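Each remark here refers to the structure printed beneath this line.
The values are calculated or read from the model by the stated rules, or taken from the named source; none is laboratory data. Note that the structure is predicted; figures quoted are calculated from it, not measured. Cβ placement follows ideal geometry from the backbone for every residue including glycine, while neighbour counts extend to all protein chains displayed. Surface accessibility is based on the protein's heavy atoms, side chains included, excluding ligands, DNA and RNA. Shrake-Rupley method; radii C 1.70, N 1.55, O 1.52, S 1.80 Å.
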Amino acid sequence: MLVLGIETSCDETGIALYHNKQGLLSHALYSQIRMHSEYGGVVPELASRDHIRRVLPLIKQVLTTAKLNLKDLDAIAYTQGPGLAGALLVGASIANALSFSLKIPAIGIHHLEGHLLSAMLSTHAPIFPFVALLVSGGHTQLMEVRGLGLYKLLGETLDDAAGEAFDKTAKLLGLGYPGGPALSELADTFYKFNKIERFKLPRPMLHSGDLNFSFSGLKTAVLTLAHKHELTQQTKAEIAFAFQKAMVDVLTEKSLAALAQTGLTQLVVAGGVGANRQLRNNLDYRAEKIRAVVFYPEFKFCTDNGAMIALAGLMRLQKLGIQNKPLKYSFTATPRWDLEML
Amino acid sequence: MRILAFDTSTQYCSAALWVDGRVLYREMLAGKRHTEFLLPMIQEMLADAGAVLTQLDGIAFGSGPGSFTGLRIACGVAQGIALGADLPVLGISTLEALAQQVGDGNVVTALDARMGEIYYATYIKFADNWQSVNPPILCSPRNAPPILGNNWIACGSGFDVYNEVLLDCYNGCISRVHGEFNPHAREITQLAAPRFLEGLGVDPATISPLYIRNKVALKENER
């Protein structure tokens, strides 16, 4: 079974081809980051306008790369939600119309289910059940994953998402938008040459007794620091280091607590913040001590991408039986959608 | 020649099939639920006509101006169908589709663009074609460009919402007003058919909506 995956939920157009036996055949990603950076954040209308220019050329590109054509497709998977309404509708409209003209099923996928399963795109892949830490610019959640569609929310952020906190802090330090990765780089470079921690930031909700997160206080603490001290390059690096350490500590402790609470021994870390090296090092180190294994998607599949949507679509269709998926051409996007509702 | 067209640029949803000059169509008030109705509407219409996608000569859609989301739904659906069925595509101006609804003569078209503005264009029928005198623009109803003569027919939701202001501007120039006219797939097929005949259809990967309103956010250095 060959599935075309279409992801357009935010500011990245991701298209991929996934085959049940041959795995990922090709994928393409167009990131709009540069366009939005002039605005200091994602402008939903501009994101939608860009997606509609990108999807078809990228579909042609992945087919050419895989030396396949449209007639080889068995199904189309697209991100139905959650995400930006206008952006989701672009992918949904193209996917369903293509399904209509090719007479093959289209299946709407939950964006976070895509992320949950993204580690399964790797050769070193987890098997159900596992705990998933979803950390991106839009989400911070710990999920218990018993099987496809069997998701239980263990805890989530009460305010900012982890990636959002990274980006906002980076902005405070004048590192541009989206500055999360730049902030990490600054922190890592600092740590390589200086082992002294000058600032100590709070670890919000570390001892809350549950698996929820809160990052807005941490952001405020950074703001206070930034006002108190002259922002020299050295000070910026020290704040960046202290901030990253606080984030990594909280994310690590809560993830380990989630493993302890569920009795599971596999942790999957997905989403853009899952690319953070300090987070990966810290989690690996701590997990090894309790004989747990941590799985990460490849760096290129940490951010939004079409491959995870194609894979989720394939798994869903295999579970349902593709012959049982009715050809139905009425569709909607679901900008707000709880993963537990699947 | 067989052309499929649809329009989702307003709260209405319409689809039409042109078969050698005969036009079948469907329409409904969709509100904001076009995605639920559009493809089933097309499917039913094609089935009733005994037509299949592979026998078509092209897909046309109301490319704008209009609701941004609506324009992208029509554009995306046109792209998807055309890609799968290997057909050429044409985007047709919703304002020109309004003029076509009037049929003949001199037509001033205006669609409500919200935020106190209208999408505006004027057309004159000349040798079976609409010549655009004023190509589509976005403006405040008060600043709508002047028109010459006294036999203009006005149409579109702009003349419904800003009726007094516009008729005041065009005092004596307008002989008839159709504020109730909305862009419709029926006229889109009529405008598209001769263009497909001329071979003007394009690759669906190259089409985009015509938004007109292009300044949708301020850059950081503009705030």
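State whether one or more residues within region B:14-25 are surrounded by 17 or more Cβ atoms within 10 Å (Cβ to Cβ) and either on the phi > 0 side of the Ramachandran plot or within 14 Å of chain A (Cβ to nearest Cβ) (or both).
Checking region B:14-25: at least one residue is surrounded by 17 or more Cβ atoms within 10 Å (Cβ to Cβ) and either on the phi > 0 side of the Ramachandran plot or within 14 Å of chain A (Cβ to nearest Cβ) (or both).
Mind checking which residues of region B:60-96 are β-branched (V, I, T) and either over 20 Å from A:A333 (Cβ atoms) or assigned by TED's automatic domain parsing to the domain that holds B:D128 (or both)?
Listed by number, the residues that qualify are B:V89, B:I92, B:T94.
Consider only pairs whose beta carbons are under 8 Å apart and that are at least six residues apart or on different chains; among these, list those whose first residue lies in region A:296-307 and is on the phi > 0 side of the Ramachandran plot and whose second residue is open to solvent by less than 10 Å² (accessible area, probe 1.4 Å) and among the basic types (K, R).
none
Could you grab me the full set of residues in region B:80-89 that are farther than 20 Å from B:R33 by Cα and either at the interface with another protein chain (Cβ under 10 Å from one of its Cβ atoms) or surrounded by 24 or more Cβ atoms within 10 Å (Cβ to Cβ) (or both)?
Selection gives B:A82, B:L83, B:G84, B:A85, B:D86, B:L87, B:V89.
Select from region A:277-331 the residues that are more than 20 Å from the chain's Cα centre (by Cα), under 21 Å from A:V145 (Cβ atoms) and assigned to a loop (DSSP other than H, G, I, E, B) and list them in ascending order.
A:I290, A:R291, A:A292
Yes or no: A:L150 within 19 Å of A:D338 (Cα to Cα), touching a Leu at 6+ places or on another chain (Cβ under 9 Å) and open to solvent by 30 Å² or more (accessible area, probe 1.4 Å)? Step through it out loud before you land on a result.
Numbers: within 19 Å of A:D338 (Cα to Cα): yes; touching a Leu at 6+ places or on another chain (Cβ under 9 Å): yes; open to solvent by 30 Å² or more (accessible area, probe 1.4 Å): yes.
Yes: the conditions hold for A:L150.
Assess whether A:A312 counts as being open to solvent by less than 70 Å² (accessible area, probe 1.4 Å), within 14 Å of chain B (Cβ to nearest Cβ) and touching a residue at least 24 places away in the same chain (Cβ under 8 Å).
No.
Pairs needed: first member in region A:146-157, in contact (Cβ under 8 Å) with a residue 12 or more places away in the chain; second member anywhere, assigned to a strand (DSSP E or B) and polar (S, T, N, Q); C-beta distance under 6 Å; at least 6 residues apart or different chains.
Pairs found: A:E156/A:Q141; A:T157/A:T140.
So A:G81 ticks every box in (1) within 14 Å of chain B (Cβ to nearest Cβ); (2) open to solvent by 40 Å² or more (accessible area, probe 1.4 Å); (3) over 30 Å from B:V52 (Cα atoms) but one. Which box is left unticked?
(2)
Among residues belonging to region A:10-57 that are closer than 17 Å to A:Y78 by Cβ, among the aliphatic types (A, V, I, L, M) and open to solvent by less than 50 Å² (accessible area, probe 1.4 Å), point out the one that is nearest to the other protein chains (Cβ to nearest Cβ).
Only one residue tops the list, namely A:L56.
Go through region B:29-47 residue by residue and tally those that are within 13 Å of another protein chain (Cβ to nearest Cβ) and open to solvent by 60 Å² or more (accessible area, probe 1.4 Å).
5
Could you grab the pairs with beta carbons closer than 7 Å, sequence gap of 6+ or different chains, first residue in region B:64-79 and more than 7 Å from chain A (Cβ to nearest Cβ) and part of a helix (DSSP H, G or I), second one among the aliphatic types (A, V, I, L, M) and open to solvent by less than 10 Å² (accessible area, probe 1.4 Å)?
B:A78/B:I59; B:A78/B:V89
Assess whether A:A92 counts as being closer than 20 Å to B:F37 by Cβ, facing another protein chain (nearest Cβ under 7 Å) and free of Cβ contacts under 8 Å to residues at least 60 places away in the same chain.
Considered against the rule, which asks whether it is closer than 20 Å to B:F37 by Cβ, facing another protein chain (nearest Cβ under 7 Å) and free of Cβ contacts under 8 Å to residues at least 60 places away in the same chain, A:A92 comes out as no.
State whether one or more residues within region A:198-218 are crowded, with 19+ Cβ neighbours inside 10 Å, in a helix (DSSP H, G or I) and touching a residue at least 12 places away in the same chain (Cβ under 8 Å).
Checked region A:198-218: at least one residue is crowded, with 19+ Cβ neighbours inside 10 Å, in a helix (DSSP H, G or I) and touching a residue at least 12 places away in the same chain (Cβ under 8 Å).
Would you mind finding the one in B:A205, B:A193 that is within 14 Å of chain A (Cβ to nearest Cβ), open to solvent by less than 30 Å² (accessible area, probe 1.4 Å) and of a type in the set (A, V, I, L, M, F, W, C)?
From the options B:A205, B:A193, the qualifying one is B:A205.
Looking only at region A:118-131, which residues are crowded, with 23+ Cβ neighbours inside 10 Å and in contact with a Pro (Cβ under 9 Å, 6 or more places away or on another chain)?
Hits for region A:118-131 are A:S118, A:A119.
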